[in-house]
Each structure stands twice: as structure tokens, then as C-alpha cells.
Amino acid sequence: MPARFEVRVTKSAETDIEEIKSYIAADSPSEAIKFVLHLEKQVHTLERFPERCPLIPENELLGTRYRHLLFGEYRTIFRVSGKRVYVLRVIHGARLLDSSILEEKD
């Protein structure tokens, strides 16, 4: 059985999720709830095999080793450190990614 990783969601990622939920809820509160539940379930899968997710293309420019998990139009950006997974941001796929939005705030 594979080792389990501890998944920690940063405050920045929590804020992203709340903003996305509010945006979706403006049109459909039930869809917003479904989105968040599915996203939480998907993030929970990072407890096992987080390295299955691809490295983000921006790593070369940023000098990082972040990975992402895709869900619809959104990217969950995270990093693996030892036996911990840090979820840094949840952003729209069209959004430009730069180091300033990836600052970790636990």
C-alpha cells in the first residue's frame, strides 16, 4: 500500500475556493456547492500519489517544481515537500501564473 501524504490547504487556496464558489453561486447556488464538493474530493486524492499530477509549464520560468491538478477550467496548484502536499492556489486556467500569486500563507 502506498504511503499517505498529509494535505495542507493554504489560506490563499481557501480564499480562491470561496471566491470561485461565490462567482458560481451568483448563477446557481446548487452548482457552486457541487463544484466545491467535487474539488474537495479531488484535493483529497492527493493523499496518495501526488506525483501522478504533471509539473506546471511555468516551472521553467519560475524556477519551481509545482504541480497541478485540473478540474474543468480550474487548476489546483500544489507542491510536494517530504510527506506533505501544500495546496497553494486554485485558479482559472486562463489566469497568468507568476510567483507573486504563489506565496504561501498557511
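Here are the numbers:
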{"item": "Cα gyration tensor shape for the chain, rounded if a/c is under 1.5, else prolate or oblate", "result": "oblate"}
{"item": "Within the chain, helix-based [θ] at 222 nm, where runs of 4 or more DSSP H residues each add -39,500 (n - 2.57), nearest 500", "result": "-10000 deg cm²/dmol"}
{"item": "The chain - share of DSSP beta bridges that are antiparallel (%, nearest 5)", "result": "80"}
{"item": "Lys83 paired with Lys11, simple spin-label distance in nm, labels 7 Å along Cα-to-beta-carbon", "result": "2.8"}
{"item": "Relative contact order (%) - the chain, alpha-carbon pairs under 8 angstrom, separation at least six", "result": "34"}
{"item": "For segment 46-58, Karplus couplings with θ = phi - 60° (6.51, -1.76, 1.60), whole Hz, Gly/Pro x", "result": "6, 5, 10, 6, x, 6, 5, 7, x, 5, 6, x, 6"}
{"item": "Theoretical gain in end-to-end length, Leu62 to Ile33 [0.36 nm per residue, Cα-Cα removed]", "result": "7.1 nm"}
{"item": "Candidates Arg75, Arg89, Arg65, ranked by Gaussian network fluctuation over the chain, Cα under 10 Å, top entry", "result": "Arg65"}
{"item": "Helix 11-25 axis, angle to the chain major axis (alpha carbon atoms, nearest 10°)", "result": "30"}
{"item": "Amide H contacts under 5 Å for Tyr74, placed H, 5+ residues apart", "result": "Gly93"}
{"item": "3J(HN,Hα) from dihedral phi, segment 72-83, Karplus parametrisation 6.51/-1.76/1.60, rounded to Hz, x for glycine, proline", "result": "x, 8, 10, 10, 9, 8, 8, 9, 10, 9, x, 9"}
{"item": "Interchain or long-range residues, amide H under 5 Å from Phe5's placed H", "result": "Arg48"}
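None of the figures in this text is laboratory data; all of them are computed from the coordinates on show. Since the model is a prediction, treat every value here as computed from it, not as a measurement. Reconstructed Cβ throughout: ideal geometry from the backbone, glycine too, with neighbour counts over all protein chains shown.
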